[in-house]
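The values are calculated or read from the model by the stated rules, or taken from the named source; none is laboratory data. Computed from a predicted structure; not experimentally measured. All Cβ positions, glycine included, derive from the backbone under ideal geometry; neighbour counts span all protein chains shown. Ligands, DNA and RNA are stripped out before the accessible areas are found, and what is left, the full protein with its side chains, is counted by its heavy atoms. Shrake-Rupley method; radii C 1.70, N 1.55, O 1.52, S 1.80 Å.
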Amino acid sequence: MTELLVGTKKGLFVLRGDPADGRPYEIVTRAFPGDIVEYAMRDARTGRYFAAHTSGFYGPRLMFTDDPTGEWTQAVGPVFPEDGEASLERIWTITPGEADGLLYAGAAPAALFASTDGGESWSLNESLWKERRAGDWQPGAGGLALHSICPWPGDERRLAVGVSAAGVWITDDGGDTWRTGYEGLVPEYIPEEDRAGTNALCVHNMHRAPTRPERLFMQFHGNVYRSDDEGSNWQEIRAGLPSGFGFPLVVDPSDPDNAYVIPLVADVDRVTPEGAVRVYETRDAGSTWTAHGRGLPGEEAYLTVLRQAFGAAGTGASMELYFGATSGDVFGSADAGGSWFSVHERLAPVTSVRAA
Amino acid sequence: MPVVTLRAPLSQRAGGSSKHDLPGSTAGEVLRELERRHPPIVGWILDERGRVRPHVNVFVNGERIREDAVVGPADVLHVLPSISGG
């Protein structure tokens, strides 16, 4: 039995089902009805659930619970300092850290928050925030967002984060100091003569390969990249994909050569190419890609899959994959992408999908 | 003393009461005092900088005001969500 947390424009849906059946999952509960749930996840270390949601009237907040069918508690933060120039707009991601009780949250405007008490209270990483202010970071179409947080397995001091649109930032000292990971990233959306030295680098999603942690995969605005040196330098791996554009990305936790993307046509046409929904897999770190579409809509399907709407459970050949689209459809695979089934249809537009 | 009136879900976060007598000489001071007495409402009306959220309206005597508006002891602050959308 798998439990899925599906964040949507109209609340959080908790779904449960057996992927071996290939049948739709049941809705166990719907939380935060009417509000946007940008991201929801469960911390496997504690079993605690987290949901980032935004009321159209009353703003964003982070909630947690041990039972998603029961009451949720509002965390203390994340918020910006009262005497600062920013207000929290949105929480994009929540990621467990490498120490007990340590979690990170990525937010808009682009900032990193940390919790050391299991997610009950949060504080701003001041040093990265100073970099943001000094660097005049500019937003992408979805806002100025810190949406990808990549801890280093076994080392709580090392972390890489992805920002739209301010590139990759890396710390080796637990967030006291930060350096950039810009080399090799090509912002094709900027005139060629203006690219040198720009920090307008629109990272869409980034994940680390846990068993080879110096390796990171990135879906960029118009390209797909891999880094084998902790994010300092990047090489293009889009050859074999129908498009370099897309949002989400998944890495097999057990295989550093195995990753998945869901290409869209282009930034000016953010739908699945040729009306066919396809998930592309590489088993050789991006040298080649294989399209998977068995069980997915193959014609007249123009879906948009957002950056947090692709998740996984397990590893290897039996890894479960799940993604949701802004059409409200959610799809799943119980065999690492080889075949797919409909997990649920006609939910609200999907913003995030994570297996609990 | 100024009075703040709330509707659900704000009233539920303020001890279940829709009417609150609160001290303060500006709308911001009054609403901060509401937060101090009822922490579950922190961040719902005012953001972390003390500004009334863009889609929340605070009316006094039929006039929409912001956090820096001066209020008197006989004033009633009505807190309402915006009528947004089409």
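Taking θ = phi - 60°, what integer Hz values does the Karplus form 6.51 cos²θ - 1.76 cosθ + 1.60 yield along the stretch A:61-75, in sequence order, with x for Gly and Pro?
7, 10, 10, 9, 6, 9, 9, x, 8, x, 7, 10, 10, 7, 6
Using only helices, what value at 222 nm comes out for chain A when you add -39,500 (n - 2.57) per DSSP H run of length 4 or more and divide by the total residues, to the nearest 500 deg cm²/dmol?
Working: 1 runs with 10 residues, N = 356.
So the helix-based figure for chain A works out to -1000 deg cm²/dmol.
So, in Å, what gap is there between the alpha-carbon centers of the stretch A:153-206 and the stretch A:95-140?
When both Cα centres are located, 15 Å separates them.
State log₁₀ I(q)/I(0) for the stretch A:173-290 at q = 0.11, 0.12, 0.13, 0.14 Å⁻¹ as given by the Debye formula over alpha-carbon point scatterers of equal weight, solvent excluded.
-0.36, -0.43, -0.51, -0.58
Does any residue of the stretch B:44-70 lose at least 50 Å² of accessible area with all protein chains in place compared with its chain alone, and if so which ones (probe 1.4 Å)?
Residues shielded by partner chains are B:W44, B:E48, B:R49, B:R53.
Show me, for the stretch A:280-293, the HN-Hα J-couplings you get by feeding each phi into the Karplus relation (A = 6.51, B = -1.76, C = 1.60, θ = phi - 60°), rounded to Hz, glycine and proline as x.
9, 10, 10, 10, 9, 6, x, 5, 9, 10, 10, 7, 10, x
With a Cα-only, solvent-free Debye model of chain B, what are the log10 I(q)/I(0) values at q = 0.14, 0.17, 0.20, 0.23 Å⁻¹?
Taking Cα atoms of chain B as identical point scatterers yields -0.40, -0.60, -0.85, -1.15.
Wrap a convex hull around the Cα atoms of the protein assembly as shown, take a quarter of its surface area, and give that in square nanometres.
Hull-based average projected area comes out at 21.4 nm².
With a probe of 1.4 Å, find how much accessible area the protein assembly as shown has per residue, and write the answer as a whole number in Å². Before the final figure, lay out the partial values.
Working: 17920 Å² over 442 residues.
Result: 41 Å² of accessible area for each residue.
I need the trypsin sites (Lys or Arg not before Pro) found in the stretch A:1-86, filtered to DSSP loop residues with at most 13 other beta carbons within 10 Å of theirs. Kindly include the intermediate steps, with their values, before the conclusion.
Details: sites: A:K9, A:K10, A:R16, A:R30, A:R42, A:R45, A:R48, A:R61; in loops: A:K9, A:K10, A:R45, A:R48.
Of the trypsin sites (Lys or Arg not before Pro), the ones in loops of the stretch A:1-86 whose Cβ has at most 13 other Cβ atoms within 10 Å are A:R45.
If you add up the charges near A:H292, with Lys and Arg at +1 and Asp and Glu at -1, over every other residue whose beta carbon is less than 9 angstrom from its beta carbon, what do you get? Write out the running numbers ahead of the final one.
On the way: positive: A:R278, A:R294; negative: A:E281.
Net charge in that neighbourhood comes out at +1.
Once amide H atoms are built 1.01 Å from N in the peptide plane, which residues 5 or more positions from A:H204, or in another chain, come under 5 Å H to H?
Placed amide hydrogens put A:Q219, A:F220, A:H221 under 5 Å from A:H204.
Can you work out ³J(HN,Hα) from phi for every residue in the stretch A:297-312, in order, using Karplus 6.51 cos²θ - 1.76 cosθ + 1.60 and θ = phi - 60°, giving whole Hz and x for Gly and Pro?
With coefficients 6.51, -1.76 and 1.60, one gets x, x, 8, 6, 10, 10, 9, 10, 10, 7, 5, 9, 9, 9, x, 8 Hz.
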